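**Q** Below are the structure tokens for one structure; questions will follow.
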Amino acid sequence: MFAFFDTLRKATRRAVLMPLAALALAACDPSALTTIGSGAGGPRIDTSQPIPVALLVPRGSGQASDDLLARNLENAARLAMRDLNGVEIDLRVYGTAGNAQTAASQAALAVNDGARIILGPLYAEAANAAGVAVAPQGVNVLAFSNNTTIAGGNVFVLGATFDNTAGRLVNYAASQGRNRIVIVHAQDVSGQLGRNAIQQAISRSSATLVGTVDYPLSQQGVVDSVPRVKAAVDSGAADSVFLTTTSSSALPLLSQLLPEAGVSPSSTQFIGLARWDIPPQTLDLPGVQGGWFALPDPARSAAFRRQYEGAYGSAPHPLAGLAFDGIAAIGALASQGRSNALTGAALTQGAGFQGANGVFRLRPDGTNQRGLAVATIRDNKVVVVSPAPNGFGGAGF
């Protein structure tokens with residue numbers, strides 16, 4: 001297990017570079033994205049004509065994984081176009097090479113070509129750059145990023161966010177009487193953002209934060225944190241431990257060492273900010289049995305997967321559904337026949353939209369809210385303990 005952690009820790013370190021880059025770029029021009037998008041801003045359209053939509057994908061970076069994702073995003077977008085109830089989309093695809101400068105120039109080109117809204121790009125730095133490039137033309141960007149530091153103005157993020165997941169899980173924990181929470185997180189950017197999201201969710205709920213334990217992102221750092229977690233649980237009379245880590249980082253180690261140190265899952269509820277069913281091997285870890293985590297609506301996700309496989313002969317990339325969601329939202333708004341269908345005011349309608357993985361809506365601050373289920377692991381299998389909501393305002397929100 002230790003060797004497993006060491007190998008995957010390297011991938012985790014690479015993964016957190018994107019938020020760091022986004023923070024740096026967002027700081028370059030903090031006023032550039034504040035004039036449109038969150039209010040009524042956005043171009044007018046003629047819904048009786050095909051709606052020009054630009055799709056920015058990470059094609060051309062030289063990375064096979066980016067090209068695969070680019071194909072999946074385009075496939076999912078075209079799949080959504082089949083079910084728009086008479087709305088026609090003129091979809092034009094632009095490659096960003098996963099690069100911010102290229103994303104900005106391609107976004108500007110797309111608008112010059114007539115695009116009235118932009119879907120993508122994926123990486124936070126590229127999405128931020130695209131938003132800056134087309135802000136003067138009043139064009140909104142539905143980025144595939146989950147990095148909320150770039151959200152706002154004319155940039156909306158479609159990716160699942162820490163805030164959304166933390167809120168769902170904290171509220172569920174409180175409803176089950178598990179309301180005294182210790183947060184355990186890495187000291188890296190991702191860990192700190194996860195900690196902040198959980199803290200904010202707790203502050204908005206009936207739960208209480210009774211302790212926070214951080215650790216360096218290293219094997220020894222995780223090992224050394226375990227006695228401190230045990231002390232925080234005991235001193236705060238905690239009944240829940242909320243872990244921000246993923247199955248490709250410290251989860252295998254923490255889920256083994258915490259029970260060995262006396263933080264028993266039978267008396268202390270383990271909660272995960274990340275998906276604990278990915279990869280599937282995670283389900284076999286003894287320490288995650290009985291833990292809670294959030295996931296998209298399983299029924300809708302399965303239906304999208306079957307639809308995609310039927311059309312393209314292979315399973316969709318986990319992020320492909322974001323392109324489907326963007327087209328679905330555009331189609332739902334345009335079907336109402338209003339010329340302001342792509343303005344910020346329309347995009348942030350309270351009723352939201354039905355997407356590939358369930359109901360979602362865009363917020364005026366550029367973030368999103370998604371209907372999530374809460375699941376646990378029993379006998380190495382995923383069991384839903386609180387279903388995803390079908391709409392906004394009910395249980396789960």
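Values quoted throughout were computed directly from the atomic coordinates according to the rules given, and no laboratory measurement underlies them. All values reported here derive from a predicted model rather than from experimental measurement. Cβ: placed from backbone, ideal geometry, glycine included. Neighbour counts: every protein chain shown.
**Q** For segment 44-162, what proportion of DSSP beta bridges, expressed in % and rounded to the nearest 5, is antiparallel?
**A** Working: 1 of 17 bridges.
In segment 44-162, approximately 5 percent of DSSP beta bridges are antiparallel ones.
**Q** Let me ask something else about it. Taking only Cα atoms and a 10 Å spring cutoff, compute GNM fluctuations for the chain and point out the largest among Ala334, Ala302, Ala197.
**A** Ala302
**Q** Rg and Dmax in Å for segment 59-215, alpha carbons only: what are they?
**A** So, for segment 59-215, Rg and Dmax equal 19.2, 55 Å respectively.
**Q** Same structure again: Calculate the spin-label point distance for Ala237 paired with Gln349, positioning each point 7 Å from the Cα along the beta-carbon direction, and give it in nanometres.
**A** Simple spin-label model gives 4.9 nm for this pair.
**Q** Identify the residues of segment 349-377 with backbone N under 11 Å of a label point that sits 7 angstrom from the Cα of Ser175 along the Cα-to-Cβ direction, or state none.
**A** 372-374
**Q** Okay, next question. Which order, highest average first, do 241-249, 79-87, 367-375 follow once you tally other Cβ atoms within 10 Å for each residue and take the mean per peptide? It would help to have the intermediate numbers written out before the result.
**A** Working: 241-249: 25.2, 79-87: 15.7, 367-375: 23.2.
Result, highest mean Cβ count within 10 Å first: 241-249, 367-375, 79-87.
**Q** Taking the Cα atoms only, what angle lies between the long axis of helix 2-15 and the longest principal axis of the chain, rounded to 10 degrees?
**A** Taking Cα atoms only, the helix is inclined about 30 degrees.
**Q** What is the gain in length, in nm to one decimal, between Ser266 and Ser206 on full extension, counting 0.36 nm per residue of separation less the C-alpha to C-alpha distance?
**A** On the way: separation 60, 0.36 × 60 = 21.60 nm, distance 2.25 nm.
Once the chain is fully extended between Ser266 and Ser206, it gains 19.3 nm.
**Q** Next question, about the same structure. When the convex hull of the C-alpha atoms of the chain is computed, what volume per residue in Å³ does it have?
**A** On the way: hull volume 51.6 nm³, N = 397.
Here the figure is 130 Å³ per residue.
**Q** Taking amide H atoms as placed 1.01 Å from N in the peptide plane, list the residues 5 or more away in sequence, or in a different chain, whose amide H sits under 5 Å from that of Asn154.
**A** The answer is Ile36.
**Q** From the backbone phi of segment 264-275, what are the Karplus-calculated ³J(HN,Hα) couplings (6.51 cos²θ - 1.76 cosθ + 1.60, θ = phi - 60°) in whole Hz, Gly and Pro given as x?
**A** Result, ordered by residue: 7, x, 6, 10, 10, 6, 8, 10, x, 6, 9, 5 Hz.
**Q** Given the DSSP H assignment, sum -39500 (n - 2.57) over each helix run of at least 4 residues in the chain and divide by its residue total; what's the result at 222 nm in deg cm²/dmol, nearest 500? Display every interim value, and only then the final one.
**A** Working: 12 runs with 154 residues, N = 397.
Only helices count here, giving -12500 deg cm²/dmol.
**Q** If I model a spin label at Gln336 and Arg71 as a point 7 Å from the Cα along the Cα→Cβ vector, what separation in nanometres do I get?
**A** 3.8 nm
**Q** Could you sort 56-64, 290-298, 322-330, 202-210 so that the peptide with the highest average Cβ count within 10 Å comes first and the rest follow in order?
**A** Working: 56-64: 18.4, 290-298: 21.2, 322-330: 27.6, 202-210: 16.4.
The most tightly packed comes first, giving 322-330, 290-298, 56-64, 202-210.
**Q** Follow-up. Please find the FRET efficiency linking Asp284 to Asp113, where r is the Cβ-Cβ separation and R0 is fixed at 56 Å, and quote it to the nearest 0.05.
**A** Working: r = 50 Å, r/R0 = 0.89.
Computed FRET efficiency for Asp284 and Asp113 comes out at 0.65.
**Q** Just want the ordering: Val385, Val182, from fewest to most Cβ atoms lying within 10 Å of their own Cβ.
**A** Details: Val385 12, Val182 26.
Fewest-to-most Cβ neighbours within 10 Å comes out as Val385, Val182.
**Q** About the Cα centre of segment 265-397, what is the dipole size in debye to 20, counting +1 per Lys and Arg Cβ and -1 per Asp and Glu Cβ, all else neutral? List each step's numbers first, then the result.
**A** On the way: 10 positive and 7 negative charges, 49 e Å.
Here the size comes out at about 240 debye.
**Q** Rg to Rh ratio, segment 41-131, alpha-carbon atoms and Kirkwood radius? Write out the running numbers ahead of the final one.
**A** Numbers: Rg = 13.2 Å, Rh = 13.4 Å.
Ratio of gyration radius to Kirkwood radius for segment 41-131: 0.99.
**Q** Still on this structure: Sorted by packing (mean other beta-carbon atoms within 10 Å per residue), highest first, where do 377-384, 227-234 land?
**A** Details: 377-384: 13.4, 227-234: 18.0.
Most protected by this proxy first, the peptides run 227-234, 377-384.
**Q** How far apart, in nm, are the 7 Å Cα→Cβ label points at Gln137 and Ser48?
**A** 2.5 nm
**Q** Let me ask you something else. Among the DSSP beta bridges whose two residues both lie in segment 127-228, what percent are antiparallel, rounded to the nearest 5? Provide the component values of the computation, followed by the final result.
**A** Values: 1 of 11 bridges.
Rounded to the nearest five, the antiparallel share is 10 percent.
**Q** Give me, ordered by chain and number, the residues 5 or more places off Thr96 or on other chains with an amide H under 5 Å from its own placed amide H.
**A** Val57, Arg59
**Q** While we're here: HN-Hα J couplings of segment 91-99 from phi, Karplus 6.51/-1.76/1.60, θ = phi - 60°, integer Hz, Gly and Pro as x?
**A** After applying 6.51 cos²θ - 1.76 cosθ + 1.60, I find 8, 10, 9, 10, x, 9, 6, x, 10 Hz.
**Q** A further question on this structure: Taking the Cα centre as origin and putting +1 on Lys and Arg beta-carbons and -1 on Asp and Glu beta-carbons, what dipole magnitude results for the chain, to the nearest 20 debye? Could you put the intermediate results ahead of the total?
**A** On the way: 28 positive and 25 negative charges, 83 e Å.
Dipole of the chain, to the nearest 20 debye: 400 debye.
**Q** If you don't mind, there's one more thing I want to ask. What share of the DSSP beta bridges in the chain is antiparallel, in percent to the nearest 5?
**A** Working: 17 of 50 bridges.
About 35 percent, rounded to the nearest 5.
**Q** Nearest 10 degrees is fine. How inclined is helix 162-175 to the longest principal axis of the chain, computing both from alpha carbons?
**A** Computed tilt is about 50 degrees.
**Q** Indicate the gyration tensor shape class of segment 310-364 (rounded, prolate or oblate), computed on the Cα atoms with a ≥ b ≥ c the square roots of the eigenvalues: a/c under 1.5 is rounded; otherwise a/b larger than b/c is prolate and the rest oblate.
**A** Working: a/c = 2.93, a/b = 1.95, b/c = 1.50.
Prolate is the answer for segment 310-364, as a/c is 1.5 or above and a/b outweighs b/c.
**Q** A further question on this structure: Find the Rg to Rh ratio for segment 178-254, where Rh is the Kirkwood radius over alpha-carbon pairs and Rg uses the same atoms. Each step should come with its number before you reach the end.
**A** On the way: Rg = 11.8 Å, Rh = 12.4 Å.
With Rg and the Kirkwood Rh in hand, the quotient comes to 0.95.
**Q** Amide H neighbours of Leu119 under 5 Å, counting only residues 5+ apart in sequence or on other chains, H built in-plane at 1.01 Å?
**A** Amide H neighbours of Leu119, under 5 Å, 5+ apart: Ala54, Leu55, Leu56, Leu142.
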